[in-house]
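The values are calculated or read from the model by the stated rules, or taken from the named source; none is laboratory data. The model shown is predicted, which means the values in this text are computed figures rather than measured ones. Because the Cβ atoms are built from the backbone with ideal geometry, glycine has one as well, and the counts that use them run over all protein chains shown.
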Ligand code: NAD
C-alpha cells in the first residue's frame with residue numbers, strides 16, 4: 001500500500017496514524033494510506049512556516065514569479081495523470097477532473113504574474129512638507145483549510161496567491177481527498193519552494209484544523225467548506241483577532257422565464273444542477289420557472305436527465321460520477337425523502353448498480369415544491385434540484401432572493417430588460433445570464449454574499465486584499 005506523508009519544513013514526515021483514501025467509484029480501489037497529523041505535528045508545520053517567513057516575505061517578485069510559473073508548468077504537463085488521480089479520489093468524471101487540474105495550473109500562471117504586479121501609491125499629504133506612501137505587505141503565516149469537492153483547484157486558488165504575495169503556508173486538505181493536494185504540494189516543493197514556505201498537514205478538522213485556527217502563530221485563515229464549520233471558525237478567529245475569509249454553502253437559484261431559449265435553459269440547468277454530481281457550491285439547486293414555459297421545460301429536463309449515464313468516473317461513457325462517500329449519499333437520500341414527505345414529487349434519485357461497488361445515484365428533480373420546504377432552504381450538496389413554479393419575472397426575482405445564501409444566481413431569458421434588471425437586483429456574488437450557475441473563470445473574483453461568504457473575495461486580482469496587509473507611511477523628505 002502506498003504511504004503518503006505530511007510535508008513539514010521541507011521534509012516528508014510520516015505519522016503514527018494513517019487513513020485510507022478510497023475511490024467512490026470502486027470501493028476496492030484504495031489510492032493509498034495518508035498520514036494523519038496530530039497536534040504536535042501540526043504545530044511543527046506552523047513553526048516551520050513561521051521560521052521561513054522573514055526570508056520569504058522579503059524574496060523578490062522575480063523569485064516568486066519563477067516558483068509559481070514553474071509549478072504551473074509542472075501541473076499543466078501532468079494534467080492527464082493528475083486528472084485521473086483526482087477522478088479516482090473524488091469521483092468527478094475524467095474530463096471534469098482534467099479540467100480542474102488545468103484550472104489549477106492556470107491559477108498558478110496567473111498568480112505568477114500577480115507577484116510582479118504588487119505596487120503601491122504615493123499620495124500628497126494634506127499637511128505641508130509630507131508625502132504619504134501606501135504599500136502592501138504579506139500577512140504572515142496563513143492556514144488554508146479546504147473541502148473535498150475541488151481537491152486541487154481550491155488548494156491552488158488559496159496557495160498560489162498566498163505565495164505570490166510573500167506569505168508562508170500551512171495547508172490542511174479535506175481528509176476524504178488528500179491525494180491531489182499532496183501531489184500539488186510535492187510539485188511546489190520540486191519547483192523550488194524553500195523549506196517551510198509550504199507545509200502540508202493532513203488529518204481531521206477537529207485536530208489539524210482546530211490547531212491551525214487556535215495557534216497564535218497563524219496570522220490568517222482562509223476556509224472553504226460548510227456553513228456550520230465556517231461559522232465556528234469565524235467565532236474563534238474573531239476572539240483571537242485573526243484575519244479570516246470564508247467561502248461556504250449555496251442554494252443557488254436559476255430562473256427560467258417564458259421567453260427563454262428552451263435548449264439553452266435545459267442545458268444550463270442540467271449542467272448546473274447535476275454535473276460534477278451536483279457537488280459544487282455553485283450548483284443550480286433551485287430552479288425557478290415561470291408558468292408559460294413550465295411544462296415544456298420540465299418535460300425537456302426529464303428527457304435530458306434520462307439520457308445521463310451515471311457510473312464509474314473513469315469510464316468514458318459516464319456523464320455523472322458517484323457521490324463522494326457513504327455519508328454524503330445518505331444525506332442526499334435523506335433530503336429526497338424529506339422533499340417527498342413535504343409534498344414534493346420526485347423524478348429520479350435512485351441508486352444504480354454498477355460493475356464496481358460505489359456510491360451511484362441518478363440525478364433527482366423535485367417538482368411541486370414551495371419556497372418554505374427544506375429542499376428549497378437547505379444545501380443538499382448532491383445531484384438533487386428542486387423546482388418552484390412562479391407567475392412572472394417579479395415573483396421569480398423575489399423567489400431567487402428568498403434564501404439566506406447568496407453565492408451564484410442565474411437567469412435564462414432572451415429579454416434584455418429582464419436580464420439587465422436581474423443582474424442589478426439579484427442578491428448574489430456571481431450572476432450568470434443564459435449560462436449555468438456553476439463553472440467560472442480563473443482570473444476574476446469568486447465569492448458570494450449573505451450566508452455564503454465572509455471577507456474579501458478569492459481569485460483574480462481581488463485575492464490581494466486577503467493575502468496582503470496595507471501599510472501607510474508618512475515621509476518628510478525635507479528632513480532626509
Ligand atoms: P466541511 O465544513 O465539513 O469541511 C471543510 C474543511 O474544514 C475540511 O478540511 C475539514 O476537515 C475542516 N474542518 C472541519 N471541522 C473543522 C474545525 N472544527 N476546525 C477547523 N477545520 C475544520 O465541508 P466539506 O464537507 O468538506 O465541503 C462541503 C461544503 O463546502 C459544502 O457546504 C459546500 O457548499 C462548501 N463549498 C463552498 C465553496 C465556496 O467557494 N463557497 C466551494 C466548495 C465547497
Can you name the number of the only condition in (1) surrounded by fewer than 23 Cβ atoms within 10 Å (Cβ to Cβ); (2) assigned to a loop (DSSP other than H, G, I, E, B) that residue 92 fails? (1)
Matching residues, segment 211-233, being in a helix (DSSP H, G or I) and within 20 Å of the chain's Cα centre (by Cα): 212, 213, 227, 228, 229, 230, 231, 232, 233
Single match in 192, 140, 203 (criterion: away from the ligand (no atom under 13 Å from the Cβ), touching a strand residue (DSSP E or B) at 6+ places or on another chain (Cβ under 9 Å) and modelled with pLDDT of 95 or more): 140
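The rows are residues; the columns are (1) assigned by TED's automatic domain parsing to the domain that holds residue 300; (2) out of contact with any helix residue (DSSP H, G or I) (no Cβ under 6 Å at 6 or more places or on another chain).
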{"site": "172", "(1), (2)": "no, no"}
{"site": "179", "(1), (2)": "no, no"}
{"site": "188", "(1), (2)": "no, no"}
{"site": "195", "(1), (2)": "no, yes"}
{"site": "199", "(1), (2)": "no, no"}
{"site": "206", "(1), (2)": "no, yes"}
{"site": "261", "(1), (2)": "yes, yes"}
{"site": "265", "(1), (2)": "yes, yes"}
Among the candidates 238, 289, 270, single out the residue that is over 24 Å from residue 402 (Cα atoms) and not in a loop (DSSP other than H, G, I, E, B). 238
Filter segment 284-296 for residues that are more than 19 Å from residue 362 (Cα to Cα) and surrounded by 23 or more Cβ atoms within 10 Å (Cβ to Cβ); which is nearest to the ligand (Cβ to nearest atom)? 288
Identify, by number, the condition in (1) within 16 Å of the ligand (Cβ to nearest atom); (2) part of a loop (DSSP other than H, G, I, E, B); (3) over 19 Å from residue 368 (Cβ atoms) that residue 312 doesn't meet. (1)
For residue 281, the lone unmet condition from (1) within 16 Å of the ligand (Cβ to nearest atom); (2) more than 20 Å from residue 154 (Cβ to Cβ); (3) in contact (Cβ under 8 Å) with a residue 24 or more places away in the chain is (2)
Tell me yes or no: at least one residue of segment 155-168 is near the ligand (Cβ under 8 Å from one of its atoms), in contact (Cβ under 8 Å) with a residue 12 or more places away in the chain and either surrounded by fewer than 21 Cβ atoms within 10 Å (Cβ to Cβ) or under 30 Å from residue 472 (Cα atoms) (or both). no
When restricted to 257, 308, the only residue over 20 Å from the mean Cα position of the chain (by Cα) and either crowded, with 19+ Cβ neighbours inside 10 Å or free of Cβ contacts under 8 Å to residues at least 24 places away in the same chain (or both) is 257
Hey, could you check segment 319-332 for residues that are in contact with a helix residue (DSSP H, G or I) (Cβ under 8 Å, 6 or more places away or on another chain) and in a loop (DSSP other than H, G, I, E, B) and say which is surrounded by the fewest Cβ atoms within 10 Å (Cβ to Cβ)? 319
I need a count of the residues in segment 241-254 that are more than 8 Å from the ligand (Cβ to nearest atom), in contact (Cβ under 8 Å) with a residue 12 or more places away in the chain and assigned to a loop (DSSP other than H, G, I, E, B). 3
So residue 227, is it more than 21 Å from residue 401 (Cβ to Cβ) and either modelled with pLDDT under 95 or surrounded by fewer than 22 Cβ atoms within 10 Å (Cβ to Cβ) (or both): no
Selection status of residue 145, closer than 15 Å to residue 220 by Cβ, without any contact (Cβ under 8 Å) to a residue 40 or more places away in the chain and within 16 Å of the ligand (Cβ to nearest atom): no
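Within the bounds of segment 427-441, is there any residue that is modelled with pLDDT under 95 and within 16 Å of the ligand (Cβ to nearest atom)?
Of segment 427-441, the ones modelled with pLDDT under 95 are 439.
Now narrow it down to the ones that are within 16 Å of the ligand (Cβ to nearest atom): 439.
Yes.
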Mind listing just one residue for me: the one in segment 442-456 that is closer than 23 Å to residue 109 by Cα and surrounded by fewer than 20 Cβ atoms within 10 Å (Cβ to Cβ) and, of those, farthest from the ligand (Cβ to nearest atom)? 443
Positions within segment 427-439 being surrounded by fewer than 20 Cβ atoms within 10 Å (Cβ to Cβ) and touching a residue at least 24 places away in the same chain (Cβ under 8 Å), in sequence order: 427, 434, 435, 439
Would you check if residue 394 is away from the ligand (no atom under 16 Å from the Cβ) and either under 25 Å from residue 270 (Cβ atoms) or in the same structural domain as residue 309 (by TED's automatic domain parsing) (or both)? yes
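Only one of these is within 27 Å of residue 105 (Cβ to Cβ) and in a loop (DSSP other than H, G, I, E, B): 260, 174, 189. Name it. Write out each step before concluding.
Numbers: 260 fails: within 27 Å of residue 105 (Cβ to Cβ); 189 fails: in a loop (DSSP other than H, G, I, E, B).
Answer to the selection: 174.
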